[in-house]
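The values are calculated or read from the model by the stated rules, or taken from the named source; none is laboratory data. The model shown is predicted, which means the values in this text are computed figures rather than measured ones. Please note: Cβ atoms are built from the backbone with ideal geometry, for glycine as well, and neighbour counts cover all protein chains shown.
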Amino acid sequence: MRGFLLAFALIAVATPALAAPDASASKRGNKDLKTYCSGDAVTFCSGDDPDSPEMDACFKKNMDKISENCRRAITDYKGGGGK
């Protein structure tokens with residue numbers, strides 16, 4: 001019973017933190033870009049802010065090296081007017 005109460009208390013404390021928006025989350029982009037391009041961003045552009053022109057330039061420079069799924073996500077994002 002004590003273990004159950006401890007687990008419940010931990011869940012109650014952690015739930016608001018999990019529901020809160022991530023302050024470090026990118027301010028632009030969409031779910032597909034985040035899903036399919038995060039690994040490429042780390043691999044090729046790890047020192048760049050995701051919301052910066054430097055990140056855009058890095059992806060443009062490395063377009064032939066990034067994953068196919070990321071290239072598709074970028075194409076779809078641009079085709080949708082950046083939304």
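Points worth noting:
- The residues of region 39-62 that are of a type outside the set (A, V, I, L, M, F, W, C), under 14 Å from the mean Cα position of the chain (by Cα) and outside any loop (DSSP other than H, G, I, E, B), listed by number, are Gly39, Asp40, Thr43.
- Restricting attention to region 29-52 and to residues that are in contact (Cβ under 8 Å) with a residue 40 or more places away in the chain and in contact with a Lys or Arg (Cβ under 9 Å, 6 or more places away or on another chain), the residue that is surrounded by the most Cβ atoms within 10 Å (Cβ to Cβ) turns out to be Asp32.
- Filtered by the rule that a residue be at pLDDT below 90 and closer than 14 Å to Ile74 by Cβ, region 27-47 gives Arg28, Gly29, Asn30.
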